[in-house]
Amino acid sequence: DVVGRGVVGVPALDQGHTVFVVSWVNPDARLAQMGFEDYMKQGTLAALEAVEKATGERQVNFIGYCLGGTLLGATLGFLSYKNQIDRVRSATFFVSLLDFSAPGELGVFIDEAQVDNLEKKMNERGYLEGSEMASTFNLLRANDLVWSFVINNYLMGKDPFPFDLLYWNSDSTRMPARMHSFYLRNMYLKNLLGVPGGISLDGVPIDLSKVKIPACFVSTVEDHIAPWKTTYKGANYLGGDVHFILGGSGHIAGIVNPPSAKKYHYWTNDAQPDSPEEWFKTATKHPGSWWEDWQAWMERQNGGENVPARVPGDHDLKPLEDGPGSYVMLRLGAKV
């Protein structure tokens, strides 16, 4: 998601942040021609306008999660070119790839032949079916997400163990054909996002080195979707100060791990060498959740300034309905 998954927003609220959450639409054939730049214009840039209208503030602290972080990086390059980067005070990237040179185990499923075959399927119906993407991600951790269920539930007849993250994760999201094709070819196959002018969005050449605002990258040591060593390499593409935090666990559990759980651990390092191995060699390990270090970093960006808690609708943007809203309750396959 662009601003952050809803489950990430709760700890941020607990620590005094005003949080706006943007979720992907679940596209059908009508949105087949929506491109990556449409997601920027109608996603990140539209969110920026809405937050400004809702709060009256002229700067935001942006967070991007996974592909939302990739989109956020591209958006910041767009704003830098337009001389509008001052609308963003800081940027946080949760398990996000800006470099795709080593995408980890996911790279096994992405080559020219497989992308070409996938494009044929997508063009027939106008989108990538969410269940197909979910199956790919499940295969990355087949022992945990496939075979454990075969053995325990199918062979041994045990009831599935209730697990909130897997229930949430089962609500897969489709991807529009044009957008997903652009993403796979220009990033995974050609790795052009980190190349100055390698991609253009809405006629603007994207150069991440021109993004000079403070940025924080939060990655996780067991991530199979956005390997932390690759997210670290992408962090070095940005032109401003970067703070890198390496959390425990994986792509979802490691990020949503709140301070109250007192689980896992995280690493930090004030230095930012070119090599992730060098970074880790001199990094300091801390017990608990990375959220506490991120909160301290955020306070430094905001200068310790606090404002009274905001009430939805107390400025120029009026709410349509009570949260979480009817839109987020729609599941894959549900009729609108």
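Which values of log₁₀ I(q)/I(0), to two decimal places, follow from the Debye formula for the stretch 248-336 at q = 0.16, 0.20, 0.26 Å⁻¹ with a uniform point scatterer at every Cα? Debye curve over Cα of the stretch 248-336, log10 I(q)/I(0) at q = 0.16, 0.20, 0.26 Å⁻¹: -0.94, -1.06, -1.24. With contacts taken as Cα pairs under 8 Å and at least 6 residues apart, the stretch 162-301 reaches a relative contact order of 17 percent. Its relative contact order, with pairs defined as Cα atoms under 8 Å and 6+ residues apart, puts the stretch 41-101 at 40 percent.
Here the chain carries DSSP beta bridges of which approximately 40% are antiparallel, counting only pairs with both residues inside. Remark: spin-label model distance residue 202-residue 38 equals 1.5 nm, labels positioned 7 Å along the Cα→Cβ axis. A convex hull fitted to the Cα coordinates of the chain yields 154 cubic angstrom per residue. When the solvent-accessible area of the chain is split by element, carbon and sulfur atoms take up 53 percent of it, the probe being 1.4 Å.
Remark: the stretch 228-290 is approximated by an ellipsoid whose semi-axes, taken from the C-alpha gyration tensor as √(5λ), come to 22, 13, 10 Å, largest first.
Remark: for residue pairs 82/212; 233/281; 233/285, the C-alpha separation exceeds 18 Å in 233/285.
By the combined test of axial Cα extent (at least 24 Å) and Kyte-Doolittle hydropathy (mean at least 0.0), none of the DSSP H helices of the chain qualifies. The gain in end-to-end length when the residue 17 to residue 277 segment is fully stretched comes to 90.3 nm, 0.36 nm per residue minus the alpha carbon separation. Here r is the Cβ-Cβ distance between residue 46 and residue 310 and R0 is 22 Å; the resulting FRET efficiency, rounded to 0.05, is 0.65.
The label point for residue 159 and the one for residue 292, both projected 7 Å from the Cα toward the Cβ, are 3.7 nm apart.
Take the Cα of residue 112, go 7 Å toward its beta carbon, and the backbone nitrogen atoms of the stretch 184-199 under 13 Å from that spot belong to 189-190.
The values are calculated or read from the model by the stated rules, or taken from the named source; none is laboratory data. Keep in mind it's a predicted model, so treat the numbers as computed, not measured. Positions of Cβ are backbone-derived with ideal geometry, glycine not excepted, and every protein chain shown enters the neighbour counts. For accessibility, only protein heavy atoms count, side chains too; no ligands or nucleic acids. Shrake-Rupley method; radii C 1.70, N 1.55, O 1.52, S 1.80 Å.
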